[in-house]
1. Rounded to the nearest 500, what is the 222 nm mean residue ellipticity of chain B from helices alone, with -39500 (n - 2.57) per DSSP H run of 4+ residues and division by all residues?
2. Looking at segment A:3-230, what % of the alpha carbon pairs are farther apart than 32 Å?
3. Output the direction-averaged projected area (hull surface divided by four) of the convex hull of the alpha-carbon atoms of segment A:1-129, in nm².
4. In segment A:147-204, what trypsin sites (Lys or Arg not before Pro) fall in a loop by DSSP, with at most 15 other Cβ atoms inside 10 Å?
5. Using a ≥ b ≥ c from the Cα gyration tensor of segment A:85-204 (square roots of the eigenvalues), is it rounded, prolate or oblate, where a/c under 1.5 gives rounded and otherwise the larger of a/b and b/c decides, a/b for prolate?
6. Kirkwood Rh over Cα pairs of segment A:138-188 into Stokes-Einstein at 10 °C, 1.306 mPa s: D in µm²/s?
7. Where does helix A:3-22 land angle-wise versus the long Cα axis of chain A, in degrees 0 to 90, nearest 10?
8. Using amide H atoms built 1.01 Å from N in the peptide plane, name the residues 5+ places from B:G35, or on other chains, whose amide H lies under 5 Å from its own.
Amino acid sequence: MSKGFFLPLVSVLLVSHLITAYGLLDSYVQLVLMYVGINIILSVSLNLINGYMGEFSVGHAGFMAIGAYTSAILTVRMFPDALAPWLFPIAVVAAGVVTAIVGALLAIPSFKTRGDYLAIVTLAFGMIVKSVLENMDSLGAARGFLGISKYTNLTWVVFWAMAAVWMVRNFIYSSFGRGVLSVREDEIAASAAGVNTRQVKLFAFTLSSFFAGVAGALYAHLLMFINPKMFDLTKSTEMLIMVYLGGIGSIGGSIVGAMIYTVLLELLRPLGIWRMVLMPIMLVLLMILRPRGIMGLSEFRWLIPSVGVSSKGAKIVQDDAVGD
Amino acid sequence: MLLVIDNLSHSFGGLAALTNISIVVPEHQLLGIIGPNGSGKTTLFNLITGMYRASSGSIRLKGQELVGRAPAAITRMAVARTFQNIRLFKTLSVLDNVRIARYGKAACGPFDTLFRTGRFLKEEGLIIDQAMELLTLFELDRYVEAPAGSLPYGQQRQLEFARALATDPVLLLLDEPAAGMNPYEVGKLNEQLQWVAKRFALTIILIEHHMGLVMEVCQRVVVLDFGVVIAEGTPEEVRNDPRVIDVYLGKGS
């Protein structure tokens, strides 16, 4: 683990634990913060596919749904009631793993097709997940899945949001990550340079869907109720907005995008139905004024690892980013 | 023999691009491939590197069949190439362009990568050192952080060359490296090809329209026309071959 990351990580986690344990913040503020965290996980993971790999996935809500339902089945039906609160972390990881397996399967069409065609595959995937859930009576069908306990708290959300940011960053600044970028830039040149493009795509899809599944699990145990309609195309669109608002190909952008979108949506709540008019207008304006999003392919310095300390002593900062 | 191309044919739909090509390349040779536009030179490169799958015939590198393997697998078997129209990763830094070519050599798996273990950091450091060494050799070290697309044309060619070498090739395929260069730059390329071939113990196949370069640098030349080998020999022999003169200057000249 890089040393620069460890201390802030632990202290943020400690603070969020104190907030959770002693109710230091208003519960509404806590709730909004948890939404922010979950949305950071979603947008960072989606940015991996849409920003870094340069594909256009619109099926991320489908992954989220799989994670949500998997974890709910585990905590409500599989785990003994007395142990369920303690086993919740396992349910979250399991939700991520199951979703990652599905994500790996969805990587297969990406071997052969890209661009608009792959977008349609992901669109179809999202629709399939939703209609399967709607027709499974054992999972409550369209009525939804009831009786989920509230195990998600700020500490868990902060922990997973940091884990997502840290791991996606580690992935991007590695051979695999550079492989993903090379696929975006020129797939033929990438394969000529020895990049195993299938391996790279498989890894990116798996990692991305793992965290979408985790976000789904946290979401389910925060709302205590899930139904298939929550994970429709609107949800995927919301994630796309956060990614493009913050800026594609930037982890910092995804964090900022998720924060602004979530908080703004809450602040505009008094406007009632009009916020759904105002929000898109603001987006259109942003795209006109800043077509690459707020961060647009650049990155916060603190997110760029400085491991490039060469043995010859020359310190090289990795550089697909121009700094903040 | 390093590379043995045996009875290789390829067609696009009904159009025969290459017909029964047989070429043998011994180790450490600099082989030139010349021929008019559309004679199948680049198609041959695309077949060797697995970008296309040959319709029939075989390509063996040190006895191992290349036909049917994926491009990345062939690169790992130490075959590298450059492209006729430079294909860099334009928005990525010069350093990243070269580092990407170490992909096939990186041993760290998903676990080491995601948790950024000590093993991973050590390997990253090594990759940077190797990339920097090549960039210094090609006098690109002062552009390390610049996006590859922002380099001047000549430097882009050099970077593509460095990227190809970063895969540790035994066989290097260069597709018109002198395209768009002035006589001075061609002269420099001439020297560079010779010392790079020696230093990295390379076997090079060179597609080139610049006859001066081919005649000086190559030990042997193969002439293609309409997908068929029409002549083969030393530059001297090829230059005086009546069939080659016909192809280049027209019959009766």
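Where a number appears in this text, it was derived from the coordinates with a stated rule and is not lab data. Nothing here was measured: the structure is a model prediction, and the numbers come from that model. Here the Cβ positions follow ideal geometry from the backbone for every residue, glycine too, while neighbour counts run over all protein chains shown.
1. Numbers: 10 runs with 96 residues, N = 253.
Helix contribution divided over all residues of chain B: -11000 deg cm²/dmol.
2. On the way: 5704 of 25878 pairs.
Everything past 32 Å amounts to 22 percent.
3. On the way: hull surface 42.0 nm².
One quarter of the hull surface, i.e. the mean projection, equals 10.5 nm².
4. Values: sites: A:K150, A:R169, A:R178, A:R184, A:R198, A:K201; in loops: A:K150.
Listed in order of number, the matching sites are A:K150.
5. Numbers: a/c = 3.24, a/b = 1.48, b/c = 2.19.
Taking the square roots of the gyration eigenvalues as a ≥ b ≥ c, segment A:85-204 is oblate.
6. On the way: Rh = 14.5 Å.
D = 110 µm²/s.
7. 10
8. Close amide H contacts, sequence-distant or interchain: B:L224.
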